[in-house]
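S.K.: One structure follows; several queries about it will come next.
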Amino acid sequence: MSSSSSLKLHLWWRILLVVEFLVVQALGLNTDGILLLSFRYLILSDPRNVLQSWNSFDQTPCSWNGVTCGAVSNSIKGDLRVTGLSLPNSQLLGAIPSDLGLLQHLQNLDLSNNSLNGSLPVSLFNSTQIRFLDLSNNLISGGIPETIGTLQNLQFLNLSDNGLTGALPATLTTIQNLTVVSLKNNYFSGNLPTSFQSVQVLDLSSNLVEGSLPPNFGGSNLNYLNFSYNRLSRKIPSEFAEKIPSNATIDLSFNNLTGEVPDSV
């Protein structure tokens, strides 16, 4: 196919999307439904037809597969809003649209075990009501922006088994309700954040994290900590595990740490 033909097909595809968008608005699909359709448009392959029920002629997306709705405060009586999107293990191929971050009442997002690529949309971290975020085992690249610290309701974060890079955002430690963090099997580098307080499970194994273990790490609520298969070096500070409970599981194997293991580890 020639480049001019490909361009014409692309233009026609864009025109069809605009036409459908205008039709959807005319028929009355609510705002949350329109925002979810932006996700469907970016899916290139849906072999299990999990998005087949996403009908643009519906008034709300609440009956769509994987979509959860609920009544929220400050809304019109009887007006249900999207609170969850869960499509794990669906073999979806495509990208995550920035419009998902405009779902004001989104609390749970689970798109794990698919083939979603591209980077994490910065606008996704505008969904300040999110409590559960699982995008693990995809093909997502790029870094985690510092604005993740705005998700103060976040309790569960799993971005493991992707191609994420860059430094770990220091703002992770400022999320007061965060209890589970799994970022294993990525390409994160740089130093470890410090002053973890509320986290109970922290898995950063199989990355490229370097430098020394911070003496002011925190971790008073940890029961599982895994830093194995990284590039941590130097001695283990005696203060490192000072606040970590004695019955917590700690794995620091396959690093470049030297010296004796302190009694507190």
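The values are calculated or read from the model by the stated rules, or taken from the named source; none is laboratory data. Values in this document were obtained by computation on a predicted structure and should not be read as measured data. Using ideal geometry, Cβ is built from the backbone for each residue, glycine included, and neighbour counts are taken over all protein chains shown. Just so you know, the surface numbers come from the protein's heavy atoms only, side chains and all, with ligands and any DNA or RNA stripped out. Shrake-Rupley method; radii C 1.70, N 1.55, O 1.52, S 1.80 Å.
S.K.: Please verify whether the range 91-101 includes one or more residues that are open to solvent by 20 Å² or more (accessible area, probe 1.4 Å) and within 18 Å of ASN230 (Cβ to Cβ).
M.R.: There is no residue in the range 91-101 that is open to solvent by 20 Å² or more (accessible area, probe 1.4 Å) and within 18 Å of ASN230 (Cβ to Cβ).
S.K.: Is it the case that some residue within the range 101-112 is over 30 Å from ALA170 (Cβ atoms) and either among the polar types (S, T, N, Q) or part of a helix (DSSP H, G or I) (or both)?
M.R.: No; the residues of the range 101-112 include none that is over 30 Å from ALA170 (Cβ atoms) and either among the polar types (S, T, N, Q) or part of a helix (DSSP H, G or I) (or both).
S.K.: Please determine whether any residue of the range 41-54 is aromatic (Phe, Trp, Tyr), in contact with a helix residue (DSSP H, G or I) (Cβ under 9 Å, 6 or more places away or on another chain), modelled with pLDDT of 95 or more and over 25 Å from GLU146 (Cβ atoms).
M.R.: Yes, because at least one residue in the range 41-54 is aromatic (Phe, Trp, Tyr), in contact with a helix residue (DSSP H, G or I) (Cβ under 9 Å, 6 or more places away or on another chain), modelled with pLDDT of 95 or more and over 25 Å from GLU146 (Cβ atoms).
S.K.: If you take the residues of the range 186-211 that are open to solvent by less than 40 Å² (accessible area, probe 1.4 Å) and β-branched (Val, Ile, Thr), which of them is nearest to ASP161 (Cα to Cα)?
M.R.: VAL209
S.K.: Spot the failing condition for ASN137; the list is (1) surrounded by fewer than 22 Cβ atoms within 10 Å (Cβ to Cβ); (2) modelled with pLDDT of 95 or more; (3) assigned to a strand (DSSP E or B), and only one is missed.
M.R.: (3)
S.K.: Please verify whether GLU239 is farther than 20 Å from LEU183 by Cβ, modelled with pLDDT of 90 or more and in a loop (DSSP other than H, G, I, E, B), treating the condition exactly as stated.
M.R.: So GLU239 passes the test.
S.K.: Among the listed residues PRO245, PRO237, PRO214, which satisfies the condition of being without any contact (Cβ under 8 Å) to a residue 40 or more places away in the chain and open to solvent by less than 20 Å² (accessible area, probe 1.4 Å)?
M.R.: Only one candidate passes the filter, namely PRO214.
S.K.: For the condition more than 18 Å from SER136 (Cβ to Cβ), out of contact with any Lys or Arg (no Cβ under 7 Å at 6 or more places or on another chain) and either in contact (Cβ under 8 Å) with a residue 60 or more places away in the chain or buried (at least 19 other Cβ atoms within 10 Å of the Cβ) (or both), what is the one hit in LEU222, LEU183?
M.R.: After applying the criteria, what remains is LEU222.
S.K.: What are the residues in the range 249-264 that are surrounded by fewer than 16 Cβ atoms within 10 Å (Cβ to Cβ) and part of a loop (DSSP other than H, G, I, E, B), if any?
M.R.: Of everything in the range 249-264, those that are surrounded by fewer than 16 Cβ atoms within 10 Å (Cβ to Cβ) and part of a loop (DSSP other than H, G, I, E, B) turn out to be SER253, PHE254, GLY259, GLU260, VAL261, PRO262, ASP263, SER264.
S.K.: If we keep just the residues of the range 160-180 that are in a loop (DSSP other than H, G, I, E, B) and in contact with a Pro (Cβ under 8 Å, 6 or more places away or on another chain), which is surrounded by the most Cβ atoms within 10 Å (Cβ to Cβ)?
M.R.: Per the stated criteria, the residue is LEU168.
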